[in-house]
Structures are given as structure tokens and as C-alpha cells.
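The values are calculated or read from the model by the stated rules, or taken from the named source; none is laboratory data. Since we're looking at a predicted model, the values are computed, not measured. FYI the Cβ positions are ideal-geometry reconstructions off the backbone, even for glycines, and counts take in every protein chain you see.
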Amino acid sequence: MRTVREAFRAECERLERVLRDLDDAALDRPTPCPPWRVRDLIAHVSTGAGRLAGMLAEPAPPRAEVDAAAYFGAAKFSPPVDRDRIDSAR
């Protein structure tokens, strides 16, 4: 777990260096994840990372509820679902 924490910390530090000097114009630029702007994607990443400590503090589930293919499947990224997720990130 130490290696994982060190890697995550290094990634967070790198992201902070990249984001540190962004101004409003840069934060309002589009991303490769339309219709999210840079600020929307930052909020999404921050929310996800913020959930990690709580999830890792819990015992592992006895089995996976869904595999990666199903988790990232087309139903999760349909236009109505995307719209709700994007609105909540904004």
C-alpha cells in the first residue's frame, strides 16, 4: 500500500503544478471530454479523488459487483446520463 500511496501523492503533486497557474480563460477552455470545460474536469477528478480515502478505509467487498467493461459501458455514458453527471460536476 505504501507504493500506491507514494504514486498517488506524486500524481497529485504533478496535477497541482499543472493547475496552479491556470487563469479563468484557461479554466474555461474545452477538453477532449465534451461538453466539459477544464474547470468541469478538474471538479470531476477532485470529487473522485476525494472519495478514495473513505472507500479505502472500508473493508473490501466479498466480490466485485461489476467488471470494468460494464462499469464503463455505453449505458453509463448515454446522453441523459452524461448530462446529469456533467451538471453535477459543474
**OP:** Find all pairs meeting these conditions: Cβ atoms under 8 angstrom apart; at least six residues apart or on different chains; first residue within segment 16-32 and acidic (Asp, Glu); second residue at pLDDT below 95.
**Re:** Asp28/Arg37; Asp28/Val38; Asp28/Arg39
**OP:** Taking Val4 as the residue in question, decide whether it is over 14 Å from the mean Cα position of the chain (by Cα) and in a helix (DSSP H, G or I).
**Re:** yes
Subject >> Selection status of Leu56, modelled with pLDDT of 85 or more and either within 30 Å of Glu16 (Cβ to Cβ) or surrounded by 10 or more Cβ atoms within 10 Å (Cβ to Cβ) (or both) >> reply: no
Original post:
Which members of segment 62-83 meet the condition of being surrounded by 10 or more Cβ atoms within 10 Å (Cβ to Cβ) and charged (D, E, K, R)?
Top reply: Lys76, Asp82, Arg83
